[in-house]
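*Asks:* Quick one: the structure is below, and I'll ask about it shortly.
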Amino acid sequence: MSQINKLKIFNDPIYGFISIPNALIYDLIQHPYFQRLRRISQMGLSYLVYPGANHTRFHHALGCMHLMQKAVDVLRFKGVNISEEEENALYIAILLHDIGHGPFSHAMERSIVEDVHHEQISLLFMNELNVKFNSQLDLAIQVFKGEYHRLFMLQLISSQLDMDRMDYLKRDSFYSGVAEGNVNSERLIQMMNVENDMLVIEEKGIYSVEEFLMSRRLMYWQAYLHKTSLVAELILTKILKRAKELTLKGTLLPCSDALQFFLQNKITLDAFDTKILDLFSRLDDFDIISALKAWQYHDDFILSSLSKMIINRDLLKIKMTNDKVDLQDLQPLKERFALENNISLQDAAYFIFKGKIKNQAYSKEAEPIRILKKDRTVEDVIESSDQLNLKSLSKAVTKYYICYPKQLA
């Protein structure tokens, strides 16, 4: 295929037309590893709450690349020297930053691909693609790992004000209909600059930063940590744990070969060779959903009951509280449920459990969002802001929850 034929455009409902800058990016997008992201939902099980939230990680990755193109243009206009090779590395790194996500990734990371974080798998995919593309991803990998000397390039990909967050807040807000998350990414990018190799926001953009952080906080409460999304993800984690438990005891569950492999084996980061990476790349949301459809009829009470809950959206009840929950408070519920369903107290823990969630829009421990003042000095946005609410946004808010079957309510 000629170079010209690879300079395609995508029509995006949020940004309009997204252009593919060169043939290498086109070939990366066309690769099966990347195409798989079309089959992985960006917001997991949130569509059980917001029916429109069916957009994919493929969508999101292209949106991030589009914002990165805008950021490169703005920084160059302001005199920041970015070579063609560096520009390309930024596009590749942001395009592939989420390629290691599994289906319903947070549930996967807590159940069947334990102890291996999606960012580590992203890096494994990048290294594998780098072999396939004759080392053309060398610089992108260096930037992604934070090993490149120009630190602002990593900050554009991974920081408290990066292209990833700018796109997912805007996109998730658009598809879920939660208007509070709609951030003004265009204005934020226009306000970007580089000072002493650090990404900064010019002082006149401070209100846009405040609005961005507030939007992030609201999106977490209303969408990502919405109690129904939360309980659905917790149930899915329990289902996958139970499936793994049964498989390791010798029960053969109906599911795809790739899912079967991860149920049968405990995979550590060291074990993730090319063969396992290839098997992982065959996993997507369809494997999980079709497994749940089969498992809802299984004769294991736990597996079938929990699978039915997701398939029919008839979930456990979840109660939020500001106070810590004592494990002893759950005991009477467990005893009653175990008795009614003729199961052990240990098995009842699959249905009755507690936990906590944390929301922190801005972390003082992480690298700060820096504001460039008119006198060219740089300070943390919290110090620059005249808004008291920014100080409160940097405090972590913790909420506790208990989950239990509705019939016990």
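*Asks:* Looking at region 340-354, which of its residues are of a type outside the set (A, V, I, L, M) and either surrounded by fewer than 18 Cβ atoms within 10 Å (Cβ to Cβ) or in a loop (DSSP other than H, G, I, E, B) (or both)?
*Replies:* Glu340, Asn341, Asn342, Ser344, Gln346, Asp347, Tyr350, Phe351, Lys354, listed by residue number.
*Asks:* Considering region 91-114 alone, what residues qualify as being modelled with pLDDT under 90 and under 20 Å from Gln260 (Cβ atoms)?
*Replies:* Phe104, Ser105, Ala107, Met108, Glu109, Arg110, Ser111, Ile112, Val113, Glu114
*Asks:* Of (1) farther than 14 Å from Lys406 by Cα; (2) modelled with pLDDT of 90 or more; (3) not hydrophobic (A, V, I, L, M, F, W, C), Asp326 satisfies all except one. Which?
*Replies:* So Asp326 meets the others, but not (2).
*Asks:* Which one of these is touching a helix residue (DSSP H, G or I) at 6+ places or on another chain (Cβ under 7 Å), part of a helix (DSSP H, G or I), open to solvent by 50 Å² or more (accessible area, probe 1.4 Å) and touching a residue at least 40 places away in the same chain (Cβ under 8 Å): Glu186, Glu128, Glu180?
*Replies:* It is Glu180.
*Asks:* Quickly run through region 21-75 and pick out the residues that are polar (S, T, N, Q) and in contact (Cβ under 8 Å) with a residue 12 or more places away in the chain.
*Replies:* Correct list: Asn22, Gln35, Ser41, Gln42, Ser46, Asn54, Thr56, Gln69.
A quick yes/no check of all residues on (1) under 21 Å from Glu186 (Cβ atoms); (2) open to solvent by 20 Å² or more (accessible area, probe 1.4 Å); (3) part of a loop (DSSP other than H, G, I, E, B):
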{"site": "Tyr47", "(1), (2), (3)": "no, yes, no"}
{"site": "Tyr50", "(1), (2), (3)": "no, yes, yes"}
{"site": "Asn54", "(1), (2), (3)": "no, yes, yes"}
{"site": "Met65", "(1), (2), (3)": "yes, no, no"}
{"site": "Val72", "(1), (2), (3)": "yes, no, no"}
{"site": "Arg76", "(1), (2), (3)": "yes, yes, no"}
{"site": "Ile82", "(1), (2), (3)": "yes, no, yes"}
{"site": "Glu87", "(1), (2), (3)": "yes, yes, no"}
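*Asks:* So Tyr91 clears everything in (1) farther than 24 Å from Leu199 by Cβ; (2) in contact with a Pro (Cβ under 7 Å, 6 or more places away or on another chain); (3) not β-branched (Val, Ile, Thr) except one condition, right? Which one?
*Replies:* Exception for Tyr91: condition (1).
*Asks:* Check off (1) open to solvent by 20 Å² or more (accessible area, probe 1.4 Å); (2) in a helix (DSSP H, G or I); (3) basic (Lys, Arg) for Lys266 and give me the number that stays unchecked.
*Replies:* (2)
*Asks:* So, one more: Going through region 131-177 one residue at a time, which ones are part of a loop (DSSP other than H, G, I, E, B) and more than 30 Å from Pro13 (Cα to Cα)?
*Replies:* Phe133, Asn134, Ser135, Gln136, Lys145, Gly146, Glu147, Tyr148, His149, Arg150
*Asks:* Pairs, please: C-beta under 6 Å, at least 6 apart or cross-chain, first residue touching a residue at least 12 places away in the same chain (Cβ under 8 Å) and under 29 Å from Met153 (Cα atoms) and in region 95-115, second buried (at least 21 other Cβ atoms within 10 Å of the Cβ) and of a type in the set (Lys, Arg)?
*Replies:* Asp98/Arg57; His101/Arg57
*Asks:* Next question. What about Glu202, is it farther than 19 Å from Glu109 by Cβ, open to solvent by 20 Å² or more (accessible area, probe 1.4 Å), under 24 Å from the mean Cα position of the chain (by Cα) and among the acidic types (Asp, Glu)?
*Replies:* no
*Asks:* Which number in (1) farther than 27 Å from Asp115 by Cβ; (2) at pLDDT 95 or above; (3) assigned to a helix (DSSP H, G or I); (4) not charged (D, E, K, R) marks the one condition that Trp221 misses?
*Replies:* Of the numbered conditions (1) farther than 27 Å from Asp115 by Cβ; (2) at pLDDT 95 or above; (3) assigned to a helix (DSSP H, G or I); (4) not charged (D, E, K, R), the odd one out for Trp221 is (2).
*Asks:* Here is a follow-up. What number of residues within region 368-409 satisfy the criterion of being under 30 Å from Ile302 (Cα atoms), basic (Lys, Arg) and under 29 Å from the mean Cα position of the chain (by Cα)?
*Replies:* So in region 368-409, the residues under 30 Å from Ile302 (Cα atoms) come out as 398-409.
With basic (Lys, Arg) added as a condition, the list becomes 399, 406.
With under 29 Å from the mean Cα position of the chain (by Cα) added as a condition, the list becomes 399.
Adding up the residues that qualify gives 1.
*Asks:* Filter region 364-409 down to the residues that are hydrophobic (A, V, I, L, M, F, W, C) and in a helix (DSSP H, G or I), then identify the one that is surrounded by the fewest Cβ atoms within 10 Å (Cβ to Cβ).
*Replies:* Here is the first cut: in region 364-409, the residues hydrophobic (A, V, I, L, M, F, W, C) are 366, 369, 371-372, 378, 381-382, 388, 390, 393, 396-397, 402-403, 408-409.
Now restrict to residues that are in a helix (DSSP H, G or I): 381-382, 388, 390, 393, 408.
Working: Val381: 24, Ile382: 17, Leu388: 8, Leu390: 22, Leu393: 22, Leu408: 15.
By that ranking, first place goes to Leu388.
*Asks:* Across region 332-380, what is the total count of residues that are touching an Asp or Glu at 6+ places or on another chain (Cβ under 6 Å) and closer than 20 Å to Leu225 by Cα?
*Replies:* The qualifying residues number 0.
*Asks:* Now, a different point. Has region 98-117 got any residue that is more than 30 Å from Leu292 (Cβ to Cβ) and aromatic (Phe, Trp, Tyr)? Steps first, please.
*Replies:* The initial filter retains those residues of region 98-117 that are more than 30 Å from Leu292 (Cβ to Cβ), namely none.
No, every residue in region 98-117 fails to be more than 30 Å from Leu292 (Cβ to Cβ) and aromatic (Phe, Trp, Tyr).
*Asks:* If you don't mind, another one. When Arg282 is evaluated against the numbered criteria (1) within 21 Å of the chain's Cα centre (by Cα); (2) of a type outside the set (Phe, Trp, Tyr); (3) at pLDDT 95 or above; (4) in a helix (DSSP H, G or I), which criterion, by number, is the only one it fails?
*Replies:* (4)
*Asks:* Kindly provide the set of residues from region 13-30 that are within 21 Å of the chain's Cα centre (by Cα), surrounded by 15 or more Cβ atoms within 10 Å (Cβ to Cβ) and outside any helix (DSSP H, G or I), ordered by number. Don't jump to the end; show me each part of the working.
*Replies:* So in region 13-30, the residues within 21 Å of the chain's Cα centre (by Cα) come out as 13-15, 28-29.
In the following step, the residues that additionally are surrounded by 15 or more Cβ atoms within 10 Å (Cβ to Cβ) were identified as 14-15, 28-29.
Ile14, Tyr15 - these are the residues of region 13-30 that are within 21 Å of the chain's Cα centre (by Cα), surrounded by 15 or more Cβ atoms within 10 Å (Cβ to Cβ) and outside any helix (DSSP H, G or I).
The values are calculated or read from the model by the stated rules, or taken from the named source; none is laboratory data. Predicted model, so just to flag it, every value in this text is computed and none were measured. Ideal geometry is used to build each Cβ from the backbone, glycine not excepted, and the neighbour counts take in all protein chains shown. These accessible areas exclude ligands, DNA and RNA; they are computed on the full protein's heavy atoms, side chains included. Shrake-Rupley method; radii C 1.70, N 1.55, O 1.52, S 1.80 Å.
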